[in-house]
Amino acid sequence: MYSIDFNDDIAIIGHSGSGDADISQKRKPTMKIVKVFHGKTGGGYLTQFYPGDGPITYLAITQDGDGNFKFVVAEGVNEPGKILSIGDTNMRTRFTCGAREFVNRWSEAGPTHHFAAATGRHIDTILKVAKILNVPCEVITR
């Protein structure tokens, strides 16, 4: 699900796809054509963003066992360092609970494969929205 730098206790989180160019703070986003697209036959386009270092919030909108919506959220801090050179957006995120525990908690919460990333700390706002919409929100780590 994620790559983990066990030596630095960092989760390397990323994926290709659409996004808001404003998250790319270190440099302009890039797009390239690759011959192998996520290990599948045939090529495709990859969009890579370069988020800055600092606070980050992740939000997954998923379902519970009864098919009702559920939010899964986590806050961490993006840190500088080596990332995978595969053409996708990648972030080295440190979590207060540690990389191993984050991956366990996040996975156990049942998030979707795709989720949102936003610079800054946004859990308090997400909790307010969840309350207004009457959607449960599982906070993984702050």
Could you grab me the full set of residues in segment 27-76 that are touching a Gly at 6+ places or on another chain (Cβ under 8 Å), modelled with pLDDT of 85 or more and charged (D, E, K, R)?
-> 64, 70
Could you tell me whether any residue of segment 32-52 is surrounded by 17 or more Cβ atoms within 10 Å (Cβ to Cβ) and over 16 Å from the mean Cα position of the chain (by Cα)?
-> yes
Sole residue being exposed (fewer than 15 other Cβ atoms within 10 Å of the Cβ) and aliphatic (A, V, I, L, M), chosen from 103, 129 | 129
When residues of segment 93-121 are filtered for being among the aliphatic types (A, V, I, L, M) and within 14 Å of residue 3 (Cβ to Cβ), how many remain?
-> 2
Among the candidates 139, 77, single out the residue that is hydrophobic (A, V, I, L, M, F, W, C), out of contact with any Phe, Trp or Tyr (no Cβ under 6 Å at 6 or more places or on another chain) and over 22 Å from residue 5 (Cα atoms).
-> 139
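Residue-by-condition table, conditions (1) part of a loop (DSSP other than H, G, I, E, B); (2) within 24 Å of residue 27 (Cβ to Cβ); (3) out of contact with any Ser or Thr (no Cβ under 7 Å at 6 or more places or on another chain):
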| residue | (1), (2), (3) |
| --- | --- |
| 71 | no, no, yes |
| 80 | yes, yes, yes |
| 93 | no, yes, yes |
| 112 | yes, no, no |
| 127 | no, no, yes |
| 131 | no, no, yes |
| 135 | yes, no, yes |
| 140 | no, no, yes |
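The values are calculated or read from the model by the stated rules, or taken from the named source; none is laboratory data. Just so it is clear, the structure is predicted and the values come from calculations on it, not from any experiment. In this analysis, Cβ positions are derived from the backbone assuming ideal geometry, glycine residues included, and neighbour counts consider all displayed protein chains.
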